[in-house]
1. Report, by chain and number, residues whose modeled amide H sits under 5 Å from the one on residue 221, excluding near sequence neighbours (fewer than 5 apart, same chain).
2. Using 0.36 nm per residue of separation minus the Cα-Cα distance, give me the extension gain between residue 255 and residue 124 in nm, one decimal.
3. Testing the spin-label approximation: label points 7 Å from Cα along Cα→Cβ at residue 154 and residue 307. State their distance in nm.
4. Just to confirm the number: angle between the C-alpha axis of helix 300-312 and the first principal axis of the chain, 0 to 90 degrees, nearest 10?
5. Note the angle between two axes, namely the Cα long axis of helix 258-267 and the longest principal axis of the Cα atoms of the chain, as a number of degrees from 0 to 90, rounded to the nearest 10.
6. Might you work out the accessible area of residue 163 for me, using a 1.4 Å probe with all protein chains in place, and round it to the nearest 10 Å²?
7. Any idea of residue 271's accessible area? Nearest 10 Å², probe 1.4 Å.
8. Rounded to the nearest whole Å², what accessible area per residue is found for the chain with the 1.4 Å probe?
Amino acid sequence: MKYSRKDAKSHAFAHMKGIWAAALMPFREDLSMDEDGFAANMDHWINDLGIDGFFIAGKQGEFFAMSLDERKRAFDLAVKAANGRAQTIMSCSDQNMDVVIDLAKHAQASGADYIVVHAPILHFYRAQDETLIRYYETIASKVDIGIALWSHPDSGYLMSPQLCNRLADIETVVAIKYSTRRQMYVELSKLASDRMIVSTASEEEWLDNILELNWRLYLCSSPPYLIQTAVDKRMRAYTDAAFAGRADEARAIRDSLDPVREALKSTRPLEKPHAHQKYWQELLGQAGGRVRPPCLELTDAEKAATRNAFETCGLKLA
């Protein structure tokens, strides 16, 4: 950490900006972590693609199929690979509060910049808001590192803008990845943007959020390293153009990526997002590798369809 507890919010508002990506974790044929492949991916993402920050060991990283020690190891690998060139936010999400706090303490000790904790699955729906406030207050009381909230449908519910606004009052809550329909995150931006950075993972909505909501943080999913190459950094280009106020230029660049977006979306089996993205990584020359159970691998036919779409989408390769 490069800030004190009391400075968590001000530090985040000053530094938590730009394009952040959710890292996939490559696994070898024997399903062990491919540490060298992960480090090589990080180098490429930072040096060649100019990605500003990384969401580590989250859903994209298959945290649900990793041991506690492996999740901690992923934190350490990411901090080492970033080496001050990019920022990191470590996913400490778990159903067990002790595990969340253990991971949060490790993230803080490892040199991570922030942690993210998704809203837990709740087994009792009465006094839901008060339960969630106590949940995040308890985590915040155990560590000093800045915390990003994460609300998404996989929890079985979405935290309301009004609840998130209350959670923004917690001293070390600095941001939220709000995986909701646009109406909800627009409302939250109006309520809480003075105390919490609001973002969402939709790349397709990113430009509009820069131009209309004055957002400066994309937090975060895999498009920053799936729809870009060392010689074709159109997401970076339209983001920088928008930040500089060149809206028409930004829209033209953003729209030019539609064939790439369609190639990704149209070939991705709904039940196989991890395997599909990892295969796309391999087509790009990145380390993709296996997925761990319960995730499913692509069939040969699904790979062929993906490869054909990839080769015809117009993404320029080095």
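The values are calculated or read from the model by the stated rules, or taken from the named source; none is laboratory data. As the structure is a computational prediction, the values presented were derived from the model and not from experiment. Please note: Cβ atoms are built from the backbone with ideal geometry, for glycine as well, and neighbour counts cover all protein chains shown. When the accessible area is computed, the model is the full protein with side chains, heavy atoms only, and any ligands, DNA or RNA have been set aside. Shrake-Rupley method; radii C 1.70, N 1.55, O 1.52, S 1.80 Å.
1. 22
2. Working: separation 131, 0.36 × 131 = 47.16 nm, distance 4.42 nm.
Taking 0.36 nm per residue and subtracting the Cα distance, the gain is 42.7 nm.
3. About 2.9 nm separates the two model spin labels.
4. The two axes meet at around 80 degrees.
5. Between helix and principal axis, roughly 90 degrees.
6. The accessible area comes out at roughly 0 Å².
7. Near enough 110 Å² of accessible area.
8. Numbers: 13280 Å² over 318 residues.
Ligands and nucleic acids excluded, the result is 42 Å² per residue.
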